[in-house]
Each structure stands twice: as C-alpha cells, then as structure tokens.
1. Evaluate the following for D175: is it out of contact with any Asp or Glu (no Cβ under 7 Å at 6 or more places or on another chain) and free of Cβ contacts under 8 Å to residues at least 24 places away in the same chain?
2. Are any residues in the range 199-212 surrounded by 14 or more Cβ atoms within 10 Å (Cβ to Cβ) and touching a helix residue (DSSP H, G or I) at 6+ places or on another chain (Cβ under 8 Å), and if so, which ones?
3. Please note which strands (runs of 3 or more DSSP E) are completely contained in the range 1-75 and include at least 1 residues that are away from the ligand (no atom under 14 Å from the Cβ) and open to solvent by less than 50 Å² (accessible area, probe 1.4 Å).
4. Is there a residue being among the charged types (D, E, K, R), part of a helix (DSSP H, G or I) and within 16 Å of the ligand (Cβ to nearest atom) anywhere in the range 204-213?
5. Collect the residues in the range 119-134 that are open to solvent by less than 10 Å² (accessible area, probe 1.4 Å) and closer than 17 Å to K154 by Cβ, keeping them in residue-number order.
6. Among the strands (runs of 3 or more DSSP E) confined wholly to the range 85-175, which include 1 or more residues that are within 25 Å of I224 (Cα to Cα) and of a type in the set (V, I, T)?
7. Among L130, L58, which is under 29 Å from R20 (Cβ atoms), of a type outside the set (V, I, T) and out of contact with any Pro (no Cβ under 6 Å at 6 or more places or on another chain)?
8. Restricting to the range 256-313, name every residue that is in a helix (DSSP H, G or I) and of a type in the set (S, T, N, Q).
Amino acid sequence: MRATAKAHTNIALIKYWGKRNEELILPTNNSLSVTLDGFYTETTVQFNDQLEKDTFTLNQEVITGVAYDRVTKYLDLFRTYANRQGLYAEIDSTNKVPTAAGFASSASGFAALAAATAKALQLDLTNKELSQFTRQGSGSACRSIYGGFVEWEKGQANDGSDSYAIQIAPQDHWDIRVAAVVLTAKEKDVSSRVGMKRTVDTSVFYDGWLNSLPVDLAEIKQGILARDFEKVGSIAEANCLKMHATTLGANPPFTYWQDTTMTVMQTVQALRKSHIPAYFTIDAGPNVKVLYLPQDEQKVLETLRNTDGVSDVIVSKVGKGISYL
Ligand code: DP6
C-alpha cells in the first residue's frame with residue numbers, strides 16, 4: 001500500500017480564472033497549459049492500518065495547520081471512493097519548485113499526491129479519472145497529469161463528471177522554452193483562490209474576460225498544432241493581460257503586478273522590437289514567465305538577467321506527465 005509519484009508543474013497560456021463550483025473546483029472557463037520539466041514534486045504515500053491519522057512531511061518538515069488539513073481532507077476523497085474510511089497514510093513530499101519562482105507548487109503537489117494515493121490504494125484509475133481527482137485538490141493541478149500541451153475542459157455537469165484535462169499535443173511535439181523570471185519583489189498577498197473569487201463576484205470586467213475566451217482557445221490550439229510560435233505567444237500574452245485586467249475591475253480592486261513586473265514585461269516587448277520572438281505570461285503573483293524558442297536562448301536569458309529587479313532566471317523545457325518511481 002505504498003507508491004511514489006512524480007508530477008511537473010504547468011504554466012497556463014490560457015488562464016483558469018474563476019469557479020462555478022468552489023467545493024468540486026469546477027471552472028467557469030476552459031484553460032490551456034504547457035507542462036514544464038524544470039519544476040516538479042515527488043510524493044510517497046504509504047497507507048498503514050496502525051496509523052490513527054495521516055502524517056504529512058513536505059521537504060522534510062512536518063506540516064500541521066491549514067496545509068495539513070487541506071491534504072488530509074483531500075485524502076478523504078480517495079478513502080470514500082475506495083471505501084477505506086479509517087485507513088490513514090504517511091505522506092512524504094519533496095517540492096522541486098522554488099516558491100520564489102512564483103509557480104503554483106499546488107499544481108505539481110496535488111497531481112503527485114493524487115497519483116501516489118490512487119496507486120497506493122490500487123485504484124487503477126484512468127488518466128481522465130485521475131485528472132478529476134486532482135482537480136479537486138487544486139484546479140490547475142488537473143492539467144499536470146499530462147505532459148506537453150494540455151487543455152482543461154470546464155464541462156457542464158453539476159457533479160464535475162465532464163470537467164477534466166486532455167492532452168492537445170505531446171511533450172515532443174514542439175521544443176519551446178519557458179524562463180521563470182524571479183523578481184526581488186515580495187510574495188503575493190492575495191492568493192489565486194481568493195483573487196479569482198473576488199474577481200468572479202465583483203469585477204465589472206469579468207464578462208468581457210469570459211466572452212473573449214472561445215476565440216483565444218480555438219486560435220491557440222491551431223497555433224500549437226501548426227507550431228506557429230508568434231501566434232501562440234501573442235495569444236498567451238494577450239490572454240494574460242486580460243486576466244490581470246479583471247483584477248483592476250474588482251471590488252476592492254487589486255493587482256499582482258509590482259514595478260519590476262512591468263519592467264520585465266517591457267523588456268520582453270523590447271526583445272520583440274529587436275526581432276526576437278519572446279512573449280510573457282504571469283500567474284497570480286508578481287513573477288513573469290517568458291516563452292521563447294531554443295535558438296534565441298542565449299540572447300533572451302542575457303537580456304532578462306541584465307534587467308533591473310531580476311534576481312534569478314530559471315529555464316524549463318516542455319515536460320512530461322505523471323510518472324511513478
Ligand atoms: C492564475 O489552481 O491555484 O495560475 O483551484 O483555487 O487551487 P485553486 O486555484 P489554482 O489557480 C491557478 C490560477 C492561475 C491560472 C492557471 O493556472 O490557469
């Protein structure tokens with residue numbers, strides 16, 4: 001009753017930004033991401049009928065409080081499904097996702113936890129089922145079941161049975177690069193969960209965001225399949241700007257950007273003026289991710305590293321889906 005799984009994080013090119021059901025984590029819109037090889041979580045889950053409760057260590061630190069409660073409540077989903085109430089586990093997780101890089105470690109974290117738990121319980125889930133379980137830990141995590149380019153279908157059903165991720169193109173379809181630009185700026189103070197809820201509930205721009213998505217999704221999928229980098233990059237950058245615009249229309253208004261965020265965005269736009277195709281995207285935090293092609297790596301990294309307020313730049317290639325160790 002023991003299994004170890006490894007999952008990579010992902011970066012959304014079309015953002016998930018809003019829920020229609022907070023309990024089941026059902027989104028208001030489809031989203032699309034690329035899985036990244038540079039950042040991952042490895043998790044071992046060992047069930048043991050001698051345990052009286054779950055234990056959770058993350059990076060060798062014993063976790064208690066809210067983070068522990070979230071994990072043990074999440075395991076209850078599997079216990080209920082497997083009819084193994086009262087069977088507890090030791091969960092040991094290692095995160096190779098530098099928090100400072102501004103990646104949601106919850107994406108790789110819940111994907112690895114779901115995969116290891118399902119395997120330890122010998123549930124033999126399909127990837128579709130695994131993605132549905134993972135979604136209920138953290139929405140963006142359901143895309144990390146697959147490598148390459150992945151879409152999360154929002155679905156229509158109230159029970160979430162049609163809300164899961166599917167692969168659009170595999171890891172080896174296209175060698176693009178993503179640089180995570182780490183800023184000296186402070187950590188975010190509005191979590192993605194809180195930020196997206198406030199936006200859905202109050203933003204005067206939210207309908208505009210939703211209405212623009214079907215075209216963005218259709219076009220970016222064409223771009224990915226055709227390996228049209230300018231098309232994919234420009235849609236991703238515009239989609240990110242629209243998502244962040246919704247936060248300014250919320251009540252109270254907020255933004256994840258810092259002055260250094262803007263500086264990096266302008267650096268990327270200046271690279272394009274000098275004919276280097278590079279595009280940015282930003283999640284619910286100040287850090288910027290930059291998409292570029294392998295042949296431009298040297299110039300892009302040098303430029304980013306020489307930008308004021310940048311403390312580190314970490315490169316990823318397109319990553320693979322869940323694996324078992
Ligand atoms: C801006 O998946 O962290 O990164 O479902 O509440 O756990 P919960 O939210 P989460 O939100 C990610 C939001 C985003 C966009 C994206 O990854 O699609």
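1. no
2. Answer for the range 199-212, where residues must be surrounded by 14 or more Cβ atoms within 10 Å (Cβ to Cβ) and touching a helix residue (DSSP H, G or I) at 6+ places or on another chain (Cβ under 8 Å): T199, V200, S203, F205, Y206, W209, S212.
3. Those strands (runs of 3 or more DSSP E) span 2-14, 31-48, 55-58.
4. no
5. S131, T134
6. By residue number, 149-153, 164-169.
7. Answer to the check: L130.
8. The answer is T260, T261, T263, Q266, T267, Q269, Q295, Q298, T303.
The values are calculated or read from the model by the stated rules, or taken from the named source; none is laboratory data. The structure presented is a predicted model; accordingly, all values stated were derived computationally and were not measured. So basically every Cβ, Gly included, is an ideal-geometry build from the backbone, and we count neighbours across all protein chains shown. Please note that ligands, DNA and RNA were not included when accessible areas were found on the heavy atoms of the full protein model with its side chains. Shrake-Rupley method; radii C 1.70, N 1.55, O 1.52, S 1.80 Å.
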